[in-house]
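Structure first, then comments.
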Amino acid sequence: MRLLTLILMIFSFPSFAQSSDIFHIDSLSTEGVLLDKEWMFYSDDNGDYKRADFNTKDGVLVNPTLLLDQLPVVKRSGIGWFRLKLQVDSSLRNKTVGITLSMLGAAEMYLNGERVYQFGNVSTNYSEEKTQATFMSALNLKLGNSEKQVLVVRYSYHPNNMYLKVGAIPNCLRVIMYPLNENTNYYALSVKRTSLFISIILTIEFTSAFLTLFFFFSFPSRKEYLYYGLYFAFQFLGMFVLTYFTSVGKLLPPSANEFMLMEFLGTSLAMVASLFYLNGLYALLQLRKTRFYWFLLWYAIISIVAVPFLPAWGGIFPFLFFLLTCVEILPVYYKAARKGFRRAWILFWSILICLLVMVVMTKAVIENDAETITMSLTIIVLTPALGLVIFLALDFASISLSLQNRIVEVEELSKKTLAQEKEKQEILAAQKGTLETEVKERTAELSRSLADLKSTQTQLIQSEKLASLGELTAGIAHEIQNPLNFVNNFSELSVDLVKDLKDEIEKPIQDKEYIGELFDDLSQNQEKINHHGKRASSIVKGMLEHSRASTGVKELTDINKLADEYLRLSYHGLRAKDKDFNADFKTDFDENLPKIQVIPQDIGRVLLNLINNAFYAVNQRKLLSNDESYTPSVSVTTHYSAPPLGAGGASIIIKVKDNGMGMPESVRTKVFQPFFTTKPTGQGTGLGLSLAYDIVTKGHAGTLEVESTEGVGSEFIIKLPSAFQSK
């Protein structure tokens, strides 16, 4: 409605009075006659002005079809009388004519001294005045039998009236006279025609909302059905509001407050419906919401909140919203249709037709053609809705047809399957005897193969253990080499010191201070020889304990110490095999890690296997990579995981991490399977990680997991329960 207000404001121009003080009506055309000249306005509230024989020169010649701001004399007075002298042709005398009235304010209409209509309550007291808002409301008026007649309107407005501040209807008083059959209520006929159009719209909108939402609940994955259903629902609510305020039972136009509420609710519901339409569009074409959509959303919110408090020019905001919405919708439908989504043409043309009809309606507003405006509004509301209904009907029909085709395919497939199953049963029955014989023969072969497999498995496990023992032995040899070198070096130094001491003693004159220094050096060398000898003995003793066959008895074990020893043994063992091998290794041990009950030999084998694999992975990446900046690195960390208070289940976590080649998903899922290996033939049995997994999970009730990213590295995580810990 504000859009219509804006258009009327733009195309409202002052009308200048003719020289005569009588308005001549010789005939009435179907377009009507605008009564915009020869009106006299009297700014006092004298009841004599309604009399037909009243005559005075004190009035001001005005054009009441202008805005209040263009009629300062009317605006200043607040209350007054409009008088228009009519000279009526004999063909119209004593006839009933129709008039359309556009007005903002309270008014009483008199014809030849008799009151024929009242709009609101005319008063200078704001608390008593009741403003009436009418926009081309159609009424009946029975003219008198004389040639000269007088049309008088008592008019008032109050500047504190909120609706007058909003200014939805810009005209002060605009009257158009039409030809009409006698005894016909023009407004009632207009309302009936309007109600007929609205009833059609309500029926279509309600049915469409119900069916579309029903489709959504039948196919919840089709979100567009939900959005389009809400679009129809809000359109229905908007039309319902209009129906309430313009129902057939009301023979007079709505009051100002009713008109303002109707305008606000109708505009708000239409904008919300448009936003749901946009959401349905994005869901239908599987598009992401654009920045323009979020702009429209905030624009709609601001418009709904702010427009009721803006002057009449605020009507431009809803108009721009609908225009921008169409600008967003049309190109999307056009592109979708051009790309092969043929049914999008239906939606495209529905929106385009809506825009074209808006142009026609604008012309009708300028010409005050009420019937064309009503028809145009009906088409504007119905066209997008009907386009959606047709589109959704075709879409649902397509889905139904597709389902029917699938049902037919399933039935045909079922028939073929049953026939094939019957044929298979016959073949199976015919070959039953043969299969039983073959099963017996295969069972005997499988028994022999199983025995051979168990023998081979035992040999492979033994080979894996021997390989681990060999790596452990090599590590021990390399580790013990350091203290032995120290023993040899200090022994040779001690021999030289003894020789020097003997030479000094045999001298006639002895240097006792020098002799004392030699004895001190000899003593220190012996202490160092003793220290490194004990170190070598400790290494041999400890490694013998770890390398001997598992007793299966759990002992309180320092995991940090165990991990450190096997990390060094693994590194030195690999260095003993390959002099070119080199890698960084580091540790990050939890100093507060408690000792726990484990089988040290078994956990040692697990750690040795994981660390050997880590060094192998980084060495392979070094050999295969051309990246000179790459530095092979292996780390071993320990951590004590204490549960929340009262939760229980504390555990020791050991992590072996490398920056090697990493593993793809296909390898990572099989890495703990027996006999699975990625190493070349002859370099691995595929049992190392499988044995490690069994030792951790079955022997110690723990977990062994692996996390790996191809091209980045791998990390093996051992989690051992610490239920039998000891600080």
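The values are calculated or read from the model by the stated rules, or taken from the named source; none is laboratory data. Values in this document were obtained by computation on a predicted structure and should not be read as measured data. Every residue, glycine among them, receives a Cβ derived from its backbone with ideal geometry; neighbour counts consider all protein chains shown. Side chains are part of the model used for accessible areas, which takes the heavy atoms of the whole protein and leaves out ligands, DNA and RNA. Shrake-Rupley method; radii C 1.70, N 1.55, O 1.52, S 1.80 Å.
Listed values, structure above:
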{"read-out": "Hits in region 693-712 (condition: in a helix (DSSP H, G or I) and within 17 Å of Gly649 (Cβ to Cβ))", "value": "Val696, Thr697"}
{"read-out": "Residue list for region 15-43, restricted to those being farther than 21 Å from Tyr178 by Cβ and either at pLDDT 85 or above or touching a helix residue (DSSP H, G or I) at 6+ places or on another chain (Cβ under 7 Å) (or both)", "value": "Met40, Phe41, Tyr42, Ser43"}
{"read-out": "Criterion (open to solvent by less than 20 Å² (accessible area, probe 1.4 Å), modelled with pLDDT of 80 or more and part of a helix (DSSP H, G or I)) met by exactly one of Tyr277, Tyr299", "value": "Tyr277"}
{"read-out": "Which listed residue, of Ser208, Ser127, Ser102, is within 30 Å of Leu392 (Cβ to Cβ) and modelled with pLDDT under 80", "value": "Ser208"}
{"read-out": "Region 668-690, residues that are out of contact with any strand residue (DSSP E or B) (no Cβ under 6 Å at 6 or more places or on another chain), at pLDDT 70 or above and open to solvent by 30 Å² or more (accessible area, probe 1.4 Å)", "value": "Thr669, Lys670, Phe672, Gln673, Pro674, Phe676, Thr677, Thr678, Lys679, Pro680"}
{"read-out": "Gln597 being within 19 Å of Val696 (Cα to Cα) and either outside any helix (DSSP H, G or I) or open to solvent by 10 Å² or more (accessible area, probe 1.4 Å) (or both)", "value": "yes"}
{"read-out": "Condition broken by Ala107, with the remaining ones in (1) in a loop (DSSP other than H, G, I, E, B); (2) touching a Phe, Trp or Tyr at 6+ places or on another chain (Cβ under 7 Å); (3) small (Gly, Ala, Ser) satisfied", "value": "(1)"}
{"read-out": "Region 328-357 - residue that is among the aromatic types (Phe, Trp, Tyr) and at pLDDT below 80 and, of those, surrounded by the fewest Cβ atoms within 10 Å (Cβ to Cβ)", "value": "Phe341"}
{"read-out": "Condition check for Val365: part of a helix (DSSP H, G or I), open to solvent by less than 30 Å² (accessible area, probe 1.4 Å), modelled with pLDDT under 70 and closer than 25 Å to Ser102 by Cβ", "value": "yes"}
{"read-out": "Residue identified as modelled with pLDDT of 70 or more and loosely packed, with under 14 Cβ neighbours inside 10 Å among Leu386, Leu466, Leu435", "value": "Leu435"}
{"read-out": "Number of positions in region 607-636 that are surrounded by fewer than 17 Cβ atoms within 10 Å (Cβ to Cβ) and touching a helix residue (DSSP H, G or I) at 6+ places or on another chain (Cβ under 7 Å)", "value": "2"}
{"read-out": "Residue check, Leu92 aliphatic (A, V, I, L, M) and open to solvent by less than 10 Å² (accessible area, probe 1.4 Å)", "value": "no"}
{"read-out": "Residues that are under 15 Å from Asn619 (Cβ atoms), at pLDDT 85 or above and open to solvent by less than 70 Å² (accessible area, probe 1.4 Å), drawn from region 572-594", "value": "Ala583, Phe585"}
{"read-out": "Failed item, numbered, when Gly604 is tested on (1) surrounded by fewer than 22 Cβ atoms within 10 Å (Cβ to Cβ); (2) touching a residue at least 12 places away in the same chain (Cβ under 8 Å)", "value": "(1)"}
